[in-house]
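**Q** Quick one: the structure is below, and I'll ask about it shortly.
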Amino acid sequence: MCDAQTSGGLLISVPQVKLDELIRELESSGVATRAIIGEITSEDRGSIKVVA
């Protein structure tokens with residue numbers, strides 16, 4: 001993960017039902033690079049687990 005303040009990456013979280021809409025919006029805005037990197041689960045509420 002990068003810091004967006006230094007022109008790094010941007011991490012966005014959206015509900016699964018909004019994913020297709022977000023992808024369409026990104027494409028229509030000229031955002032060519034994107035990746036789905038995970039999902040939100042109910043385990044470990046209140047923490048973020050990054051798995052490489």
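Laboratory data are not the source of any read-out in this text; all were calculated from the coordinates shown. Note that the structure is a prediction, hence the values are computed from the model and not measured. Positions of Cβ are backbone-derived with ideal geometry, glycine not excepted, and every protein chain shown enters the neighbour counts.
**Q** Under the Karplus relation 6.51 cos²θ - 1.76 cosθ + 1.60, θ = phi - 60°, what is the ordered set of whole-Hz ³J(HN,Hα) values for the stretch 30-37, x standing for Gly and Pro?
**A** With the stated coefficients, the stretch 30-37 comes to x, 7, 8, 10, 7, 8, 8, 10 Hz.
**Q** By count of other Cβ within 10 Å, fewest leading, how are Val17, Val31 ordered? The partial results should precede the final answer.
**A** Details: Val17 7, Val31 12.
Lowest to highest Cβ neighbour count: Val17, Val31.
**Q** Where Lys and Arg each count +1 and Asp and Glu each count -1, what net charge lies around Pro15 among other residues with Cβ under 12 Å from its Cβ? Provide the component values of the computation, followed by the final result.
**A** Details: positive: Lys18; negative: Asp20, Glu21, Glu39.
Around Pro15, the surrounding residues sum to -2.
**Q** Starting with the fewest neighbours, write out Glu43, Glu25 ranked by other beta-carbon atoms found within 10 Å of each beta-carbon. Each step should come with its number before you reach the end.
**A** Numbers: Glu43 7, Glu25 11.
Result, fewest neighbours first: Glu43, Glu25.
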